[in-house]
Number of protein chains: 2
Amino acid sequence: MFDVLYQHILKKVNITPKEWEFITQQCIPKKVRKKQYILQAGDKAEFSIFVTKGCLRSYSVDAAGEEHIVQFALEGWWIGDTSAFLTNEPASFNIDALEDTEVLLFPSEALDAIFDQVPMFERYMRLLLQGNYVAMHKRLVSAISTTAEEKYLRMQKQYPDIMQRVPQHMIASYLGLKPETLSRIRKKLASEK
Amino acid sequence: MFDVLYQHILKKVNITPKEWEFITQQCIPKKVRKKQYILQAGDKAEFSIFVTKGCLRSYSVDAAGEEHIVQFALEGWWIGDTSAFLTNEPASFNIDALEDTEVLLFPSEALDAIFDQVPMFERYMRLLLQGNYVAMHKRLVSAISTTAEEKYLRMQKQYPDIMQRVPQHMIASYLGLKPETLSRIRKKLASEK
DNA sequence: CCAAAGCATTGATCCAGATCAATGCTTTTT
DNA sequence: AAAAAGCATTGATCTGGATCAATGCTTTGG
């Protein structure tokens, strides 16, 4: 299961076998069954999480008790409550498994140690964050300035794999729509072609 | 004007005077007058921009000709069309000055050279990106799952300085609202207290 | 210094998407 | 295999924010 991460890193930067060994020693492999939590709001966000198999989601619950899905993570994705992880405040997001899932857990100190020992890992992380920044920027523009239908079409184009594996009402939540609205949009689109 | 950047870096990491000298040699100081463009959609996004004085905004124009403000940048902020900058595709955002402004321009090769020569600058950038990621995450959650009034209040709390320096209809655009709506929200809030 | 442009405000309507409610699937659970 | 829970769909209605339109106040630039 380490191999998914190894390949992911090699796509961005080169590291030596020794460095790779160091990295593997810093993290904790873990299996999570469907519906189990990896992080709950209020907990300390001890880990950054790399998914090697399966699918996770992070979501917040607002004052009215509504869930808002903020991110999905399939194989090869990082996920975590970055804010809580960095500031050491209690988590404000929940993370749970939508399928039986395997992950690598990186404690904060482990990551810092890796950044110090393996400079190319710091570059890997910077490149990841840059890519992330760009993706989130686009999602934000879409969220602020497009119709429900456009949001749906954009998501279908950008994350066809997620659309296939995740229940429809969660897609709706991710897009900031109600399940009924998404259902009607799908119906309309189906009838149009 | 370099000093704004120097202080900004020192808040995150330590660098030697030699390293700092190297950094200053890689960038191009520039003054931009109010209303002038620094980047226009369709152009090559040659630079990452650090603001040392004044205020910039980036915005996109949608198919219907509507402007959508995506970011403001005051002193001490980085701004640019990161996506276009990284991929070398034509810019899809415009960046112009809301006040007379002074900036430092970093060409792509300059940044890469700095990342190679000054490892702590790569860390500085990673830390910045992480902070950015967190901030944008919050903005996204707010955009997707709160009312117009909540968006306004949140912005007032997070960026009081921007609220003071930027015309109201631009705040509306940044929040994804119409100027009329923002005006009514302000009226209502004023009457409530 | 005056005309013109830009901006905030207010009023009157409209509409995309939310809300409320009911029905018939599929999965889980036991 | 039955009961229960979860999910997608459809219909009827409501509403927050958009749209359209008009007015007066500031900038700004010639």
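The values are calculated or read from the model by the stated rules, or taken from the named source; none is laboratory data. None of these values were measured; they are calculated from a predicted model. Quick reminder, even Gly has a Cβ in these numbers, built from the backbone with ideal geometry, and neighbours come from all protein chains shown. The accessibility values were calculated without ligands, DNA or RNA, using every heavy atom of the protein model including side chains. Shrake-Rupley method; radii C 1.70, N 1.55, O 1.52, S 1.80 Å.
Comparison of B:145, B:183 shows that the only residue that is away from chain A (no Cβ under 14 Å) and small (Gly, Ala, Ser) is B:183.
Of the strands (runs of 3 or more DSSP E) lying entirely inside the range B:3-68, not one carries at least 1 residues that are small (Gly, Ala, Ser) and open to solvent by 60 Å² or more (accessible area, probe 1.4 Å). Restricted to the range A:165-193, and to residues there that are outside any loop (DSSP other than H, G, I, E, B), open to solvent by 40 Å² or more (accessible area, probe 1.4 Å) and of a type outside the set (D, E, K, R), the residue that is nearest to DNA strand C (Cβ to nearest atom) is A:181.
Here residue B:113 passes the criteria (1) among the small types (Gly, Ala, Ser); (2) in contact with a Leu (Cβ under 8 Å, 6 or more places away or on another chain); (3) within 14 Å of chain A (Cβ to nearest Cβ) except the one numbered (2). Using the structure shown, decide if residue B:42 is out of contact with any strand residue (DSSP E or B) (no Cβ under 9 Å at 6 or more places or on another chain) and more than 11 Å from chain A (Cβ to nearest Cβ). Answer is no for this residue. Being of a type in the set (Gly, Ala, Ser), within 16 Å of DNA strand C (Cβ to nearest atom) and within 14 Å of another protein chain (Cβ to nearest Cβ) holds for only one residue in A:65, A:80, A:54, and it is A:65.
Pairs linking a residue in the range A:159-178 that is within 14 Å of chain B (Cβ to nearest Cβ) and within 12 Å of DNA strand D (Cβ to nearest atom) to a residue that is open to solvent by 30 Å² or more (accessible area, probe 1.4 Å) and assigned to a loop (DSSP other than H, G, I, E, B), with Cβ atoms under 7 Å and 6 or more positions apart or on different chains, are A:172/A:178. Annotation: residue B:124 fulfils all but one of (1) of a type outside the set (Lys, Arg); (2) more than 9 Å from chain A (Cβ to nearest Cβ); (3) part of a helix (DSSP H, G or I); (4) open to solvent by 10 Å² or more (accessible area, probe 1.4 Å); the unmet one is (4). For the range A:32-73, a tally of residues being within 16 Å of DNA strand D (Cβ to nearest atom), out of contact with any Ser or Thr (no Cβ under 7 Å at 6 or more places or on another chain) and closer than 13 Å to residue A:99 by Cα returns 7.
Exactly one residue among A:86, A:74, A:56 is without any contact (Cβ under 8 Å) to a residue 24 or more places away in the chain and of a type in the set (A, V, I, L, M), and that residue is A:86.
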